[in-house]
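The values are calculated or read from the model by the stated rules, or taken from the named source; none is laboratory data. These numbers were taken from a predicted model, which means no experiment stands behind them. Because the Cβ atoms are built from the backbone with ideal geometry, glycine has one as well, and the counts that use them run over all protein chains shown.
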Amino acid sequence: MTETQLRTRSYSWSDPMEAARGLGAVSGLEMFAAMTRGDLPVPPIMVTLGVERLEVVSEGHVSVYIQPQEFHYNPLGSVHGGVISMLVDTAAACAVHTTLPAGMGYTSLDLNVRFLKAVTVASGPLRCDGTVVSRGRSTALGEAKLFDGTGRLLAHATSTCMLFPLPPR
């Protein structure tokens with residue numbers, strides 16, 4: 001076994017309950033606008049995995065940006081499927097969230113991911129586009145597509161979200 005040089009990483013995050021306390025007080029679109037402006041912290045998972053930004057394109061459409069890093073790798077030398085799943089889940093669910101009025105919440109019922117190409121540091125910056133395909137009163141279907149730096153499709157996913165009224169705060 002050869003000796004390898006250890007790499008280190010450290011990071012900080014904000015109290016996740018700060019954003020959660022305001023959940024339901026404003027629409028999903030308003031909540032994401034506050035995160036984009038820096039008025040609300042992003043969820044800690046985004047900091048943990050190194051998501052660079054989440055951009056609301058319009059109601060029902062978001063993009064998530066990340067640069068693949070070695071700390072995302074699995075034993076095969078490519079980005080772990082769990083990291084890719086987090087990206088597509090975030091994009092699809094956040095797209096649904098942008099359509100919700102104040103007082104409504106959601107949770108994912110399922111996530112179906114298709115991994116089309118390996119993702120590595122050489123893939124360049126990644127963009128994951130989330131779109132609402134269909135939204136009813138109690139469920140919504142979101143879709144996400146993950147692209148590499150040259151625009152090649154790397155993964156595709158769909159997610160069904162259950163919609164529900166939030167309890168009064």
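Details
- Selection of first residues in the range 67-88 that are free of Cβ contacts under 8 Å to residues at least 12 places away in the same chain and of second residues that are aromatic (Phe, Trp, Tyr), restricted to Cβ pairs under 7 Å at least 6 apart or on distinct chains, gives the following pairs, ordered by first then second residue: 80/73.
- Taking the range 18-42 as the range and being more than 20 Å from residue 99 (Cβ to Cβ) and surrounded by 10 or more Cβ atoms within 10 Å (Cβ to Cβ) as the test, the residues that pass are 18, 21, 39, 41.
- Taking each residue of the range 37-51 that is of a type in the set (Asp, Glu) and looking for partners that are surrounded by 13 or more Cβ atoms within 10 Å (Cβ to Cβ) with beta-carbon atoms closer than 9 Å, six or more apart or interchain, yields 39/33.
- Yes/no for residue 145 being over 14 Å from the mean Cα position of the chain (by Cα) and basic (Lys, Arg): no
- Scan of the range 8-47 for residues that are in a loop (DSSP other than H, G, I, E, B), within 17 Å of the chain's Cα centre (by Cα) and within 21 Å of residue 72 (Cβ to Cβ), ordered by number: 13, 42, 43
- Checking residue 1 against (1) surrounded by 15 or more Cβ atoms within 10 Å (Cβ to Cβ); (2) at pLDDT below 95; (3) part of a loop (DSSP other than H, G, I, E, B), the condition it does not meet: (1)
- Subset of the range 142-159 [in a strand (DSSP E or B) and surrounded by fewer than 18 Cβ atoms within 10 Å (Cβ to Cβ)]: 153, 156, 158
This table checks each residue for (1) buried (at least 20 other Cβ atoms within 10 Å of the Cβ); (2) among the polar types (S, T, N, Q); (3) touching a Pro at 6+ places or on another chain (Cβ under 8 Å); (4) at pLDDT 95 or above.
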{"site": "77", "(1), (2), (3), (4)": "no, no, no, yes"}
{"site": "90", "(1), (2), (3), (4)": "yes, yes, no, yes"}
{"site": "97", "(1), (2), (3), (4)": "yes, no, no, yes"}
{"site": "111", "(1), (2), (3), (4)": "no, no, no, yes"}
{"site": "120", "(1), (2), (3), (4)": "no, yes, yes, yes"}
{"site": "123", "(1), (2), (3), (4)": "yes, yes, yes, yes"}
{"site": "126", "(1), (2), (3), (4)": "yes, no, yes, yes"}
{"site": "136", "(1), (2), (3), (4)": "no, no, no, yes"}
{"site": "140", "(1), (2), (3), (4)": "yes, no, no, yes"}
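- Evaluation of residue 63 against (1) in contact (Cβ under 8 Å) with a residue 60 or more places away in the chain; (2) in a loop (DSSP other than H, G, I, E, B) (one fails), failing number: (2)
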